[in-house]
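K.L.:
The structure that follows is given in the form of structure tokens.
Throughout, read-outs are computed from the coordinates displayed, never taken from laboratory work. All of these numbers come straight from a predicted model, not from anything done at the bench. Here Cβ is always computed from backbone atoms with ideal geometry, including for glycine, and neighbour counts include all displayed protein chains.
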Amino acid sequence: MNDEIGQAEADLPLPARLRRDIVAGDLPAGSRLKTQELARRYGTSVNPVREALHQLSGEGFVILSRNRGAKVRELDENFLRNIFDIRALIEPYLIRLFVGHATKEDIARMSAIQDEIEALDGEADSRLRDLDEAFHAITYEGHFNSEALAIRERHGQVVQALGLRYPPSPARRSAQNAEHREIIAAIEASDEAAAAEVVERHARGAERHLLEQLRRAPRG
């Protein structure tokens with residue numbers, strides 16, 4: 001079993017391994033990220049490390065400086081608030097267009113995913129994240145604004161990674177389920193304003209949960 005886990009870890013793309021270790025605190029906030037050291041740590045060459053650092057810089061996990069190299073960003077309350085302020089603007093904008101074009105098949109797919117989410121037990125956090133992303137992806141796929149989608153994707157990497165460290169509480173999961181059902185109902189009713197309101201509330205609920213978890217986390 002341990003061999004299987006070790007192989008699965010080795011099969012992860014390098015950016016995913018770095019991201020996981022940053023969120024877990026194995027690469028602490030503010031620490032310098034030296035390419036040679038990282039190459040040895042992850043058993044790779046320097047070039048893939050440089051590419052991974054540039055990707056994580058775009059996602060917000062790493063700060064790159066011309067003279068000082070790379071360091072781990074502090075995932076603090078201000079950074080999180082900034083991300084969710086943007087999400088609370090972008091996501092309602094994105095779903096408004098979807099409401100006007102949603103098909104019965106789209107709604108059926110969302111309902112089926114939500115049924116599966118609600119059937120999960122409390123230990124299925126990784127599956128919950130995958131299903132939650134699939135649920136929302138239906139409402140954004142095919143949107144014409146690639147820049148807005150890219151921003152949502154970039155910030156989503158941060159939110160999903162923090163979700164690994166701070167999974168939703170039973171109360172938050174219950175609220176998420178209710179909000180998903182409200183989103184489906186608004187789409188069925190072709191009510192753009194209602195869908196946008198629920199999506200914004202959904203984002204703010206996730207923000208509150210993560211901020212509470214950050215405040216409770218031990219300072220090291």
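K.L.:
Multiply the residue gap between L12 and R216 by 0.36 nm, knock off their C-alpha separation, and tell me the result in nm, one decimal place. Intermediate values should be presented prior to the final figure.
P.N.:
Numbers: separation 204, 0.36 × 204 = 73.44 nm, distance 2.97 nm.
Once the chain is fully extended between L12 and R216, it gains 70.5 nm.
K.L.:
Can you run phi through the Karplus equation (6.51, -1.76, 1.60; θ = phi - 60°) for segment 140-145 and list ³J(HN,Hα) in whole Hz, with x for Gly and Pro?
P.N.:
Along segment 140-145, the couplings run 10, 5, x, 5, 6, 8 Hz.
K.L.:
If I histogram all Cα-Cα distances within segment 2-72 using bins 10 Å wide from 0, what percent of pairs lands in each bin?
P.N.:
Bins of 10 Å from zero give 20, 57, 20, 3, 0 percent of pairs.
K.L.:
Right, next: Could you work out how far apart the two model spin labels at N67 and H101 are, taking each label as a point 7 Å from the Cα in the direction of the beta carbon, and quote it in nm?
P.N.:
Here the modelled spin labels are 4.8 nm apart.
K.L.:
Continuing with the same structure: If amide hydrogens are placed 1.01 Å from N in the peptide plane, which non-local residues have theirs closer than 5 Å to the one on V62?
P.N.:
So V62 has HN proximity to S57, R73.
K.L.:
Cα centroids of segment 128-149 and segment 21-58: how far apart, whole angstrom?
P.N.:
Here the answer is 28 Å between Cα centres.
K.L.:
If you line up the long axis of helix 46-59 against the longest principal axis of the chain, both from Cα atoms, how many degrees apart are they, to the nearest 10?
P.N.:
Relative to the chain, helix 46-59 is tipped by roughly 40 degrees.
K.L.:
Pull out the extension gain between H54 and R81, defined as 0.36 nm times the separation in residues minus the alpha carbon to alpha carbon distance; nm, one decimal.
P.N.:
Values: separation 27, 0.36 × 27 = 9.72 nm, distance 2.30 nm.
Stretched fully, the H54-R81 segment lengthens by 7.4 nm.
K.L.:
Can you give the longest run of the chain that contains no trypsin sites (Lys or Arg not before Pro) sitting in a DSSP loop with at most 15 other Cβ atoms inside 10 Å? Can you show the working numbers first?
P.N.:
Numbers: sites that count: K34, R66, R68, R219.
Longest site-free region, per DSSP loop and neighbour criteria: 69-218.
K.L.:
Name the long-range amide H neighbours of L120: under 5 Å, sequence gap of 5 or more, or other chain; modelled H, no Pro or chain starts.
P.N.:
HN-HN under 5 Å from L120: empty list.
K.L.:
Please find the FRET efficiency linking E37 to L164, where r is the Cβ-Cβ separation and R0 is fixed at 30 Å, and quote it to the nearest 0.05.
P.N.:
That pair, E37 with L164, gives E of 0.80.
K.L.:
Right, here's the next one. For segment 107-160, rounded, prolate or oblate, judged on the Cα gyration tensor with a ≥ b ≥ c (square roots of eigenvalues), a/c < 1.5 rounded, else prolate if a/b > b/c? Could the numbers behind the result be given before it?
P.N.:
On the way: a/c = 5.27, a/b = 1.50, b/c = 3.51.
Because a/c hits 1.5 or more and a/b fails to exceed b/c, segment 107-160 counts as oblate.
K.L.:
Okay, moving on. Output the 0 to 90 degree angle, nearest 10, between the alpha-carbon long axis of helix 170-188 and the longest principal axis computed from the alpha carbons of the chain.
P.N.:
Taking Cα atoms only, the helix is inclined about 50 degrees.
K.L.:
For the chain, what ratio Rg/Rh do Cα atoms give with a Kirkwood hydrodynamic radius? It would help to have the intermediate numbers written out before the result.
P.N.:
Numbers: Rg = 18.8 Å, Rh = 18.9 Å.
Computed over Cα atoms, the ratio is 0.99.
K.L.:
With +1 assigned to the C-beta of every Lys and Arg and -1 to the C-beta of every Asp and Glu, and no other charges, what is the dipole magnitude of the chain about the Cα centre in debye, to the nearest 20? Spell out each step's value before the answer.
P.N.:
Details: 31 positive and 37 negative charges, 293 e Å.
For the chain, the charge dipole is close to 1400 debye.
K.L.:
Which of the chymotrypsin sites (Phe, Trp or Tyr not before Pro) found in segment 112-220 are loop residues per DSSP with 10 or fewer other Cβ atoms within 10 Å of their Cβ? All intermediate terms of the calculation are to be shown ahead of the outcome.
P.N.:
Values: sites: F135, Y140, F144; in loops: F144.
Sparse-neighbourhood loop chymotrypsin sites (Phe, Trp or Tyr not before Pro): F144.
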